[in-house]
Every structure is written in C-alpha cells, then in structure tokens.
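Presented below is the structure to which this report refers.
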Amino acid sequence: MSFRLQFWSAILCYCLYFLYSVALIKPTTASSLFSSSDETDRQALLAIKFRIESDPFQFLTSWNNSSHFCSWHGVRCNTMDQRVTALNLSSLEIRGALSISIGNRFIGKIPGSVGNITQLSILEMRGNKLDGSIPFSLGNYTRLQGLDLSSNRLTGAIPKGLFGLSSLTYNLNLAHNLLSGPLPSEVGKLINLGSLDVSNNRLSGELPVTIGECVFLEFLSLQGNGFSGQIPESLYSLRSIKLLDLSRNNISGSIPRSLETLRYIQYLNLSFNSLEGEVPSGGLFFNSTAFSVTGNGKLCGGVKSLQLPKCQRLLPSAEGKTSLFVVLILVSVIFPIVLLLAYIQQKCQKKVIFGYFLYVPCIRWWHKINTRISSIELTSDSPLGDQFPKISYTELFQATDGFFEGNLIARGRYSSVYTGSLNYSDKTVAVKVINLQNQGSRRSFTAECESLRNVRHRNLVKIITACSGTDYEGNEFKALVYEFMAGGSLESWLHPSSSNLMQPKNLNLIQRLNIAIDVASALVYLHHFCAIPVIHRDIKPSNILLDNELCAHLGDFGSARSLLLAIDRSRYDGIRARTIELVGTVGYVALECGMGAPASTLVDVYSYGVLLLEMFTGKRPTNSMFEDDFSLRNYVKMALPDQAMRIVDPRLSSECETESGMMATDTQTRSCGRHRFEKCLASIFHIGVTCSAHLPERRMHIADVLMELQAARDLYLRCG
C-alpha cells in the first residue's frame, strides 16, 4: 500500500475517495450472487474493516454478508455496474490503518487541508493518479521526516515551503510527475535530508549552487529534466553522497575536477547531456564502472576504458612563448651561478657553502616526514569521514585508564568494549577496541564504519568517532567510540548471568513491547529510508542496547552490508545484493543465508521474528529443548491462538496475575484484564511466527510489523 497516513488524533481518515477505471460488467442486485468483480470490491471493503481498531459509533456493523456492500454505510457505488466509486469515513472517530486492498488509483487534487495534520511524520502518496499542484500547506508540517509524492500527475512549480521543512531527514521524492520551473535555491535548507529525487519531471533552469549545502545527502537524482548551465562546483561539498544522477538534461560546460574528491560515491551518472572537454581521471573517475558519461559527444580523454578520443593539445600561444622565454633566461642565469659555486668549492676546499645549501632543505624535509609520522600516530583521521572528530590512541588510552580491566564491560570475538570519559566531554562513552588478531576483524571494522557513517536514527547506537592508527609499540590499532548505554544489553535483561541473580532485572509487557517497537523502527529506517538500504544481518538481544529510559538502540554493525545497486546506464532499475557468505548468529540466521540466495532485507525480518519470540517466551532459540525440526517458532506456533499464556515468559505471567488483581476487585473485571493481556500476547506471537517463516516471501515487511505492534500496544493501553 503506497498511500499510508497514520493519525495519532481521534480521526483516522476524514474523507477517503477512490475512483478507478474498469471495464463495464453486468449489473448485479443485492439478492444475486456476487460476481468476480463485485467480490473484489467486497473483499477490499472487508479488508478495510479488518484493519480498523476502534469504531466507537459502530458505524461498520452494517458491513457484513446480510446485505450487498453497496448498501453499507459510507459506501457509494455506480448504479450501472455496482462497482464502488467512493468511500466516506469522515468524522467517525475511527482509528486504525489503511489496508493495501484499496489499491493505488487515487485521482484528483491533493486537498490543502492535508497540511493541517501537523503531527504527521511520514506521508507517502506515490503511485496514484493525483493531479494539480502540490499544496503550499504541506510546508506546515513540523515533524515530517519523509515525503513521497512520486509517480503521479502533479503539475506546477515545487513550493518553496517544502524546502523549509528542516525536519525532513529520510527522503523527499517528487519523481515521475509533470512538475515545471526551477529547482528553488531554498533546497540548501534541507541540511538533514538523506535522499532527494526530482527525476523525470519538466524542471528547468540552472542547478542551484546551494544544493551543496545538503551535506548529509546520500542519494540525489535530478535526471530526466531540462536543467541547463554548468555543474555547480559546490557539489564537491556533498561529502556523504553515494549516488548522484544528473543524466538526461541539457547541462553544458566541463566536468568539475572537484568531483574527484567525493570519497564515498558509488555511482555518478552524467550521461546524455552537452558536456565537453576533458574527463577527469582521478578519484572516482579512475574506475570507469563507477560513472557514466555516455551521450556527451564533445568529451575527450579520461581513462582508456572509456575509449574517448584524445584531447587535442593547443599549440603554444604568444603567452606560452613568453613564459618559455622567461624560463630560458632564468636557467641561463642560475646555471652559471651553480658552476661558479662548484668552482669556488673545488679551489678553496670549503664545503660550508654547499653544505649549507644541502643541509637546510634536508632538515626541512626530515621535519616534514617526522611531523607526518607523529600526526598519524597521535591524531589519525577518523575512518568515518571529516564530519566526525579526530581522536588519537593516546586520548583513548587516557579515557579508559589504559584499557583497565575494571572498565571492560563486554568482550566478543572481534572486539572488547571499555567505558571511558573523553577530555572534551563529560559524557561516558563506550570504546570498542577491535581485536585485529582474529580473521575478519578488519572487515568487520570497515563494515561498521561504512554502515554508521551516514545513518542517523534515535533507535540506532550513536557513533561519536573512530580511530585507526598505531599504539605506543607501533602495532596497528583500530577502535570505535559510541555513546554509552547505561541500561546495558537486552541480553542481560532477558537472560541475566549468575553473577547478577542477586540484583534481579525484569521488563514488563509494555517495556518489552516498546523495545520491540524501537528495534522495528530502526529496521524500517535502515531498510526503507537510507539512500542505499542497509541489512544488519545480526539481530539478537546482545546487539540491542538500552539507555536510562529503556529506549532500545540497535548496535554492532560489524556484519552489516549496504545493498548494492544494479544500475542501468540511464536509470536505476532496482536494488540487489549478492552474497554467499554465512554471517550472523546461530539460531537467528535465516535459512536462505546458508544456501547462497541473494541477500535481502527479509533476512533481518527473520532474525527480528526470532528475537520477538525470545523476548516474550524467555527462551533462547538455541535452548536444548529445540532440536531436529522442533524450533522456537514451532513451539510458539503450536500454542496459538488460544494457549499464549502457556508459553509466555513466567515473569510476564506473574505480572498478568498481579496487574489483574490490583486493577479490579470483582471477578469480571479481573477476567477482562487477563483477556486483553492474552490478546496482546497472541498478536505479538503471531507477528513473530509470521516474520520467522522459512520462506522469505511469506514473511511480513518490517513497516507492517511496526504498524501491527503499535496497534497491539495502543489497543492494550486503551483497554486498560
């Protein structure tokens, strides 16, 4: 479902219309059997009803099999073919989610009143037939993080107010419309935006210089428009950019050599423009598969694999001849002086003159080399990039009291984690020192740097900086510095060690549900709102850290990978990742990972499903009771739908009894409290079982998981 609006107010949707073109079919009456086309509409309406969580006025009770759906409340049908043409659910205080059964055939203009829903965080209306201009009222949103109006029929200019939405961090997608006019210079205000796509419109004018101020952009697509002028030099400031597409425009001039400095770019598309001059050969231009300049007839030079004509070097001009004349004069003056000095040295046997001339530059050269070596050891550049502060081994040594064992809080195969305090900050940090003795540790460090460099989300562990240099003995040293999570890992809460049994830690139902929602939110961001989706590949309790308020943060990206883009030279066809390596942790790894199948975000969904089952049963997937074909998933599935309390973590079971007793004095109310507890658990277990299905295509998408868990939590709290 591409049209998704979540309202946290009393009204889910105030007026929803869907009109779509279909072939005429034979009319049916209420008493007749449903035709196949009628059945499609009826099932769609029932699917909408199924997703409704609250119907205080019982408006949808008429939606049943006792009457034809055209007579249901709020439904309007065409009198000729008995097909649904409109659905009005306005002012009913209905709450829930829109079903995918509605389809993507919305037409008409986007109402300006949509801008009144100021608490909206994500607005997706892609893939419909909406026309007219983009409402100026969309600039009223104060919390909007993602906006997608792509693949519609929108016209007119892009409202400047959209570029004032400083809250936009995920994406702004206006691609595949009929928008015209220039790209406003206000685009530079989107300093937190990760992805901007205005491709395949009718935009024109020069590219604004201010676009270089969007320093966190990872994906920028301006292709398929009528932009003219030259490529702005300011694009070199896009230090986080990974994909840049300026193809199929009217851009002229030369290719700026400053683009060679883009450190993290994976693909640059400049094809089918009017560019001319020499193609740079440094940086990304050294690899001909990392960029495309096809369709620019006046380009020359570049790397040999481009097979472009050699650039014609102009004959020396008058100015060049003058410069050559000056050089000859200087040489003719300096050379005799050198000969004179040599003669004096030989005759007078005094070496002090040449000694001085040789000594000074040698000393300066040695000083430069020595300074460079010292700087590498003490203040090596952060492997994360320029946007992160530099830190030295010395600073980390001091911060952790010499990596004192008393500060050690975790030790794994690839790393050890210490607590510490940096000189320039009062906050406690976690210093993850990479164990370079183990094979794969360097790759894990690189993967973590790559993944964390440009991701920003409240439910991801915050990276502060990284260090890559040498220690005092000259050994290679690598470390990552994170914000310290005082709550420890989820592992320590679910399965406390014997040393912590004297200080019992327990999470109640809502706390566990909130943690599950936090982790799902992090995965939604990684899978859907990064310019290049990220697969974590190691979702498990020990990689989920809790802060003081028990808010969950997903960490340890040592196994993470960005999905590689399979790129057509003129467009982006889709996203694929190719890997046959088995990564992750036993019990949480999807079956297809060991079969050489292409990796996808659904491997994370599988791990998340196992995690969800573990969180609410209290049993690890590697428990000795699970062997052969009997797994944690089967254990839970056998208990559904009516035996959820039989398999729940005993600590939650006792909570249910305690809460029911405290909340009510009469038996009926206690029974109601237990019923909602069981209903919430059954819903959670059902999600976990579906997510951990053996076949990837049968798993839920993580965005739907998030929505279902939020609905379960809200229903549980509301009933209480």
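If Leu203 satisfies every condition in (1) surrounded by 22 or more Cβ atoms within 10 Å (Cβ to Cβ); (2) modelled with pLDDT under 90; (3) not hydroxyl-bearing (Ser, Thr, Tyr) but one, which is the exception?
(2)
Taking only the range 151-186 into account, find how many residues are within 18 Å of Gly229 (Cα to Cα) and buried (at least 23 other Cβ atoms within 10 Å of the Cβ).
1
From the residues in the range 391-430 that are among the charged types (D, E, K, R) and under 23 Å from Arg442 (Cβ atoms), which one is modelled with the highest pLDDT?
Out of the qualifying residues, it is Glu395.
Which number in (1) within 16 Å of the chain's Cα centre (by Cα); (2) at pLDDT below 90; (3) surrounded by fewer than 23 Cβ atoms within 10 Å (Cβ to Cβ) marks the one condition that Asn459 misses?
All conditions are met except number (2).
Which condition from (1) more than 23 Å from the chain's Cα centre (by Cα); (2) in contact (Cβ under 8 Å) with a residue 60 or more places away in the chain is the one that Arg442 breaks?
The single condition Arg442 does not satisfy is (2).
Here's a check for you: in the range 66-89, which residue that is small (Gly, Ala, Ser) and modelled with pLDDT of 80 or more is surrounded by the most Cβ atoms within 10 Å (Cβ to Cβ)?
The extreme case among them is Gly74.
Out of Ile539, Ile544, Ile515, report the one residue that is under 18 Å from Val586 (Cα atoms), touching a strand residue (DSSP E or B) at 6+ places or on another chain (Cβ under 7 Å), buried (at least 21 other Cβ atoms within 10 Å of the Cβ) and outside the structural domain of Ile464 (by TED's automatic domain parsing).
Checking each option against the conditions leaves just Ile544.
Could you run through the range 228-241 and say how many residues are under 17 Å from Phe272 (Cβ atoms) and either surrounded by 23 or more Cβ atoms within 10 Å (Cβ to Cβ) or of a type in the set (Val, Ile, Thr) (or both)?
Count: 1.
Tally the residues that are buried (at least 23 other Cβ atoms within 10 Å of the Cβ) and among the hydroxyl-bearing types (Ser, Thr, Tyr), restricting the search to the range 207-220.
0
Run down Arg453, Arg537, Arg458 and say which single residue is at positive phi and charged (D, E, K, R).
Arg537
Within the range 259-301, considering only strands (runs of 3 or more DSSP E) that don't extend past its boundaries, which have at least 3 residues that are over 31 Å from the mean Cα position of the chain (by Cα)?
274-279, 298-301
If Asn435 satisfies all but one of (1) touching a Lys or Arg at 6+ places or on another chain (Cβ under 9 Å); (2) farther than 19 Å from Gly558 by Cα; (3) modelled with pLDDT of 75 or more, what's the number of the condition it fails?
The number of the failed condition is (2).
Take the residues in the range 529-557 that are under 27 Å from Thr289 (Cβ atoms) and in a loop (DSSP other than H, G, I, E, B); name whichever of them is modelled with the lowest pLDDT.
Ala531
Being outside any strand (DSSP E or B), over 28 Å from Leu526 (Cβ atoms) and among the small types (Gly, Ala, Ser) is the requirement here; does Ser137 meet it?
In short, yes.
Is it the case that Arg453 is of a type in the set (Lys, Arg) and modelled with pLDDT of 85 or more?
No; evaluated as a whole, the condition is false for this residue.
So which of Thr169, Thr142 ends up being farther than 18 Å from Ser221 by Cβ and either part of a loop (DSSP other than H, G, I, E, B) or not assigned by TED's automatic domain parsing to the domain that holds Asp197 (or both)?
Within the list Thr169, Thr142, the selection yields Thr142.
Inspect the range 90-101 for any residue being under 23 Å from Arg51 (Cβ atoms), modelled with pLDDT under 85 and in a helix (DSSP H, G or I) and give the result as yes or no.
Yes, the range 90-101 contains a residue that is under 23 Å from Arg51 (Cβ atoms), modelled with pLDDT under 85 and in a helix (DSSP H, G or I).
Does Ala560 satisfy the condition of being surrounded by fewer than 19 Cβ atoms within 10 Å (Cβ to Cβ), in the same structural domain as Arg676 (by TED's automatic domain parsing), within 25 Å of Val524 (Cα to Cα) and at pLDDT below 90?
No, not satisfied.
Within the range 447-454, identify whether any single residue is in the same structural domain as Ala399 (by TED's automatic domain parsing), assigned to a helix (DSSP H, G or I), polar (S, T, N, Q) and within 30 Å of Leu243 (Cβ to Cβ), and answer yes or no.
Yes: the range 447-454 contains one or more residues that are in the same structural domain as Ala399 (by TED's automatic domain parsing), assigned to a helix (DSSP H, G or I), polar (S, T, N, Q) and within 30 Å of Leu243 (Cβ to Cβ).
Closer than 18 Å to Met707 by Cα, surrounded by 15 or more Cβ atoms within 10 Å (Cβ to Cβ) and not basic (Lys, Arg): is that true of Leu144 in this structure?
When the stated conditions are applied, Leu144 passes them.
Among the listed residues Leu284, Leu244, which satisfies the condition of being surrounded by 22 or more Cβ atoms within 10 Å (Cβ to Cβ) and of a type in the set (A, V, I, L, M, F, W, C)?
Sole residue among the options that is surrounded by 22 or more Cβ atoms within 10 Å (Cβ to Cβ) and of a type in the set (A, V, I, L, M, F, W, C): Leu244.
Can His528 be described as touching a residue at least 24 places away in the same chain (Cβ under 8 Å), outside the structural domain of Leu396 (by TED's automatic domain parsing) and more than 21 Å from the chain's Cα centre (by Cα)?
So His528 does not fit the description; no.
The values are calculated or read from the model by the stated rules, or taken from the named source; none is laboratory data. Worth saying up front: this structure is predicted, and the values here are computed from it rather than measured. Using ideal geometry, Cβ is built from the backbone for each residue, glycine included, and neighbour counts are taken over all protein chains shown.
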